[in-house]
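Student: Here you go, one structure.
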Amino acid sequence: MKRFWLLVLFFFIFNFRVYAKVEKKIYYKDKIAVLTYHNVSPKPLTNLTITPERFEDDLLTLKRMGFNFISLKDTIDCLEGRRRPPVNALLITFDDGLKGFYRYALPVLRKYNIPSVNFIVTSRINTKGQKDSFSMNEEEVKEAFSSGLIEIDSHTHESHDYIYINESLKQGGKLAHRGYDPISKRFEREGDYEKRIYEDLVKSREVIKNLLGKDSNVLCFPFGQYNKKVLEIAKKAGFEYFVTTERGFNKFNSKSKKIYRFPAGYANIRIEDVVKEIIEKGK
């Protein structure tokens, strides 16, 4: 019995520490800040990877400072004026659909009941590798989605790669550029390029529909690269909203089809600096 009450006391103290010090400040109204994360792992895989402890600390810092977490669906409803966002509204996003997200970020999001979205590269969900840097498989994607906290949308099917885009062999995103073949010394024909990316985007929506039974109408641009032609073709393929790497807020009733984000989940970026930028721009 004594042990039971000690556990109760510990639970109370822990939750008091996490939640009782929530700040009541209003940094901004009628806006949503969106944060970009990629992967979570105990191993320092790349600069786009943070540890599970760091990710949990990020969320607790944001919660303690009075940010209110909302979902991608809520964000879109706010953009369209269908609902007003809470003050200090914040959306957590993940790019790439990586296994480290499933293993380490998902349990933390579940622990604190925080919604998020993961933009998956649909051609990679059949990958058999088990490293944190590999993509989630179909069952892991379905489990994340069935949690009710995680939305799943597109990061293209096979266009999350770099290709040669000019005679100097400069590289650019496969979705946003016509390819250059250094052997034949020819550029991809415009018609072939348009057909390629249209079929890629249609396929991505098809995979998500078959796997999860949902229509994906949100496309996250690989590497943040896009152009007028990509937007035009993506709309024809069935996408309505487009997630960028451009910094900025998303405003209530703006009817914007673009979603702007702040970089957060980088090994060399502190959450305190991210918060400082958001607060400064929210004034």
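Student: Neighbouring Cβ atoms within 10 Å as the yardstick, rank F134, F101, F262 fewest first.
Tutor: Ordered by Cβ neighbours within 10 Å, fewest first: F134, F262, F101.
Student: Report the Rg/Rh value for segment 25-282, based on alpha-carbon coordinates and the Kirkwood definition of Rh.
Tutor: Here the Rg-to-Rh quotient is 0.97.
Student: Classify segment 149-283: rounded, prolate or oblate, from the alpha-carbon gyration tensor (a ≥ b ≥ c, eigenvalue square roots; a/c under 1.5 rounded; otherwise prolate if a/b is larger than b/c)?
Tutor: Oblate is the answer for segment 149-283, as a/c is 1.5 or above yet b/c matches or exceeds a/b.
Student: Using DSSP, restrict attention to beta bridges with both residues in segment 25-282 and report what percent are antiparallel, rounded to the nearest 5.
Tutor: Numbers: 8 of 36 bridges.
Around 20 percent of the beta bridges assigned by DSSP in segment 25-282 are antiparallel ones.
Student: Something else now. I need the shape label for segment 19-70. Rule: rounded when a/c is under 1.5, else prolate if a/b > b/c, else oblate, with a, b, c from the alpha carbon gyration tensor.
Tutor: Oblate shape, in that a/c is at least 1.5 and b/c is the bigger or equal ratio.
Student: Hey, another quick one. Among D74, D57, rank each residue by its count of other Cβ atoms within 10 Å, from fewest to most, as a rough exposure measure.
Tutor: Working: D74 18, D57 14.
Neighbour counts put them in this order, fewest first: D57, D74.
Student: How far apart, in nm, are two points set 7 Å out from the Cα along the Cα-to-Cβ line at R247 and at Q171?
Tutor: So the label points at R247 and Q171 sit 2.6 nm apart.
Student: For segment 142-219, just say rounded, prolate or oblate: build the C-alpha gyration tensor, square-root its eigenvalues into a ≥ b ≥ c, call rounded for a/c under 1.5, and beyond that prolate if a/b exceeds b/c, oblate if not.
Tutor: Taking the square roots of the gyration eigenvalues as a ≥ b ≥ c, segment 142-219 is prolate.
Student: OK, next. What helices does the chain hold that run 20 Å or longer along their axis, going by alpha-carbon atoms, with a Kyte-Doolittle average of -1.0 or more, using DSSP H for the helix calls?
Tutor: What comes out of the filter, once short or polar helices are dropped, is 2-19, 190-212.
Student: Right, another one. Could you give me the ³J(HN,Hα) list for segment 80-93, computed from phi with Karplus coefficients 6.51, -1.76, 1.60 and θ = phi - 60°, whole Hz, x at Gly and Pro?
Tutor: 7, x, 7, 8, 8, x, x, 5, 6, 5, 9, 10, 9, 10
Student: In whole Å, how far is the Cα centre of segment 70-146 from that of segment 201-221?
Tutor: 14 Å
Each reported figure results from applying straightforward, stated rules to the coordinates on display, with no laboratory input. From a predicted model like this one, the values you see are computed outputs, not experimental measurements. Glycine also receives a Cβ, built like all others from the backbone with ideal geometry; neighbour counts cover every protein chain displayed.
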